[in-house]
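Visitor: Before anything else, here's the structure in question.
The values are calculated or read from the model by the stated rules, or taken from the named source; none is laboratory data. Since this is a predicted model, take the numbers as computed values, not measurements. In this analysis, Cβ positions are derived from the backbone assuming ideal geometry, glycine residues included, and neighbour counts consider all displayed protein chains.
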Amino acid sequence: MSIQHLISIDREAKLSVDTGRLKIVFSQVGETHFIAACDIAVLILAHPCISMSLAVPQELAKNGAVLVTAGEKYLPAALSLPVATNIDGARRPHLQVKPGSVEAAGNWWAQLIESKILGQAAMAANFDETLSTRLKLIAGHVEPGDKTGREAQAAQLYWAGFFDGLNNPVDFRDKQGATDPVNVSLNYGYAVLRAVIARSLAAAGLCLNFGVGHCRKDNPFNLADDFIEPFRFLVDNAVWRIFKGSQVECFDKEIKKQLLSSLLASTVNIAGKEYRLFHGIDFAVNSFCLSLEDSRRRLLLPNQRVRPGKTPSAMLWQAVQFQDETQ
């Protein structure tokens with residue numbers, strides 16, 4: 001089985017390709033490392049003095065990897081996706097915009113939000129069982145298109161409990177311009193997760209511009225921003241475990257390393273079975289591809305309630321062959 005890596009380079013380095021392997025040279029310390037390009041899921045360049053040959057992005061794209069360029073505070077500033085890794089790259093975007101897709105999009109969005117809130121409920125069980133139960137109740141009342149705003153209702157309750165349980169000096173979720181280490185860590189983790197999900201969507205031949213809940217005309221990653229929702233709790237869990245009971249004053253390389261390691265090792269429960277991160281994301285994406293063909297099919301997402309008499313995981317496994325991306 002292939003091993004998929006999330007690699008972050010945060011010091012001066014020279015990158016090149018050597019017989020299908022990524023060659024990383026740290027000249028200042030006299031180190032050279034090799035890693036097979038086919039084993040790389042995401043490569044993050046997080047230092048201004050990194051140079052590479054043109055063969056590097058070409059080899060990464062050929063193997064379906066994502067190249068991320070980080071900017072200030074290590075947060076990703078640019079994202080490069082492979083564009084020719086799936087034979088359905090011309091067919092599936094047409095299915096995404098076919099007549100009747102508006103009603104289907106509302107149902108898909110409701111399923112994504114229900115899964116997101118159930119993930120928050122699972123996470124809340126770490127610090128407030130009462131809140132966890134309340135979030136589960138909210139998840140059971142999400143309507144098509146989330147017309148009643150259950151996502152916002154759940155978020156208000158969830159983040160208040162999250163920060164209160166951490167005893168963090170900053171007690172609110174800050175998406176833009178965050179400076180405290182908890183919010184910066186959350187933003188960084190979500191950005192990396194977004195890249196992994198974008199990679200899976202692109203590999204499935206889907207157009208990331210066409211979202212089901214996110215529909216901004218200036219956002220080329222609307223669909224990735226849709227499918228990150230059910231998986232956000234993985235980042236929340238990693239950040240919680242890093243900062244719980246600690247007095248970390250800044251987001252640094254060590255925090256970033258712990259966060260990436262935790263994210264890569266995480267698992268999700270889909271249809272009653274546990275899957276490693278990459279398989280779980282592919283599972284959800286492939287269920288969306290099947291639902292494009294027949295909108296009566298439900299999406300298969302983390303933490304969903306398994307309905308009696310249904311064996312969706314078995315049916316999907318028979319219909320879809322996954323790429324081998326487990327550790």
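Visitor: Would you pick out the residues in segment 84-116 that are at pLDDT 70 or above and exposed (fewer than 13 other Cβ atoms within 10 Å of the Cβ)?
Guide: Arg91, His94, Val97, Lys98, Val102, Glu103
Visitor: Next up: Does Gly211 meet the test of being small (Gly, Ala, Ser) and in a helix (DSSP H, G or I)?
Guide: no
Visitor: Can you tell me which residue among Phe34, Phe26 is closer than 27 Å to Gly189 by Cβ and aromatic (Phe, Trp, Tyr)?
Guide: Exactly one of Phe34, Phe26 is closer than 27 Å to Gly189 by Cβ and aromatic (Phe, Trp, Tyr), namely Phe26.
Visitor: Name every residue in segment 221-250 that is closer than 21 Å to Ala104 by Cα and in a loop (DSSP other than H, G, I, E, B), in order of residue number.
Guide: Answer for segment 221-250, where residues must be closer than 21 Å to Ala104 by Cα and in a loop (DSSP other than H, G, I, E, B): Phe221, Ile228.
Visitor: Test of understanding: among Asp236, Asp218, which residue is among the charged types (D, E, K, R), within 30 Å of Ala41 (Cα to Cα) and in contact (Cβ under 8 Å) with a residue 24 or more places away in the chain?
Guide: The match here is Asp236.
Visitor: For segment 252-264: of the residues being more than 10 Å from Ser185 (Cα to Cα) and without any contact (Cβ under 8 Å) to a residue 60 or more places away in the chain, which is surrounded by the fewest Cβ atoms within 10 Å (Cβ to Cβ)? Quick ask: steps written out before the conclusion?
Guide: Taking segment 252-264 as the starting set, the residues that turn out to be more than 10 Å from Ser185 (Cα to Cα) are 253-254, 257-258, 260-264.
Pick out the ones that are also without any contact (Cβ under 8 Å) to a residue 60 or more places away in the chain and you get 254, 258, 261-262.
On the way: Glu254: 10, Gln258: 15, Ser261: 12, Ser262: 17.
Among residues in segment 252-264 that are more than 10 Å from Ser185 (Cα to Cα) and without any contact (Cβ under 8 Å) to a residue 60 or more places away in the chain, the one surrounded by the fewest Cβ atoms within 10 Å (Cβ to Cβ) is Glu254.
Visitor: Would you check if Phe288 is of a type in the set (Phe, Trp, Tyr), within 12 Å of the chain's Cα centre (by Cα) and under 18 Å from Arg199 (Cβ atoms)?
Guide: no
Visitor: Is it the case that Leu67 is of a type in the set (A, V, I, L, M), at pLDDT 90 or above, touching a strand residue (DSSP E or B) at 6+ places or on another chain (Cβ under 6 Å) and within 17 Å of Ile197 (Cβ to Cβ)?
Guide: The answer is yes for Leu67.
Visitor: Same structure, new question: Going residue by residue through segment 176-197, is there one that turns out to be among the hydrophobic types (A, V, I, L, M, F, W, C), farther than 21 Å from Val42 by Cα and not assigned by TED's automatic domain parsing to the domain that holds Ile44?
Guide: Taking segment 176-197 as the starting set, the residues that turn out to be among the hydrophobic types (A, V, I, L, M, F, W, C) are 178, 182, 184, 186, 191-193, 195-197.
If we keep only those that are farther than 21 Å from Val42 by Cα too, we end up with 178, 182.
Add one more test, that the residue is not assigned by TED's automatic domain parsing to the domain that holds Ile44, and what stays is 178, 182.
Among the residues of segment 176-197, at least one is among the hydrophobic types (A, V, I, L, M, F, W, C), farther than 21 Å from Val42 by Cα and not assigned by TED's automatic domain parsing to the domain that holds Ile44, which makes the answer yes.
Visitor: I would also like to ask the following. Identify all residues within segment 26-73 that are polar (S, T, N, Q), touching a residue at least 12 places away in the same chain (Cβ under 8 Å) and part of a strand (DSSP E or B); write none if there are none.
Guide: Ser51, Thr69
Visitor: Among the residues of segment 266-288 satisfying the criterion of being touching a residue at least 40 places away in the same chain (Cβ under 8 Å) and surrounded by fewer than 19 Cβ atoms within 10 Å (Cβ to Cβ), which is nearest to Ile44 (Cα to Cα)?
Guide: Looking at residues that are touching a residue at least 40 places away in the same chain (Cβ under 8 Å) and surrounded by fewer than 19 Cβ atoms within 10 Å (Cβ to Cβ), I get Arg276.
Visitor: Moving on. Considering only segment 251-327, give the helices (runs of 4 or more DSSP H) lying wholly within it that have at least 3 residues that are touching a Ser or Thr at 6+ places or on another chain (Cβ under 6 Å), modelled with pLDDT of 85 or more and not β-branched (Val, Ile, Thr).
Guide: Ranges flagged: 277-293.
Visitor: Then there's this: Modelled with pLDDT of 90 or more and in contact with a His (Cβ under 9 Å, 6 or more places away or on another chain): is that true of Ile9 in this structure?
Guide: Yes.
Visitor: A follow-up question, please. Which of the residues spanning segment 1-34 are among the hydrophobic types (A, V, I, L, M, F, W, C) and out of contact with any helix residue (DSSP H, G or I) (no Cβ under 7 Å at 6 or more places or on another chain)? Can you show your working first?
Guide: Quick first cut of segment 1-34, residues among the hydrophobic types (A, V, I, L, M, F, W, C) only: 1, 3, 6-7, 9, 13, 15, 17, 22, 24-26, 29, 34.
Met1, Ile7, Ile9, Ala13, Ile24, Val25, Phe26, Val29, Phe34, listed by residue number.
Visitor: With (1) over 23 Å from Glu254 (Cα atoms); (2) under 26 Å from the mean Cα position of the chain (by Cα); (3) part of a strand (DSSP E or B) as the list, and Lys23 as the residue in question, which single condition is left unmet?
Guide: All conditions pass for Lys23, except number (2).
Visitor: Also: Filter segment 232-249 down to residues that are of a type outside the set (D, E, K, R) and touching a Ser or Thr at 6+ places or on another chain (Cβ under 9 Å) and give me whichever is modelled with the lowest pLDDT. Can you show your working first?
Guide: Looking only at segment 232-249, we keep the residues that are of a type outside the set (D, E, K, R), and these are 233-235, 237-240, 242-243, 245-248.
Still in the list and also touching a Ser or Thr at 6+ places or on another chain (Cβ under 9 Å): 234-235, 237-239, 242-243, 248.
Numbers: Leu234: 97, Val235: 97, Asn237: 95, Ala238: 95, Val239: 94, Ile242: 91, Phe243: 90, Val248: 77.
Only one residue fits best here, namely Val248.
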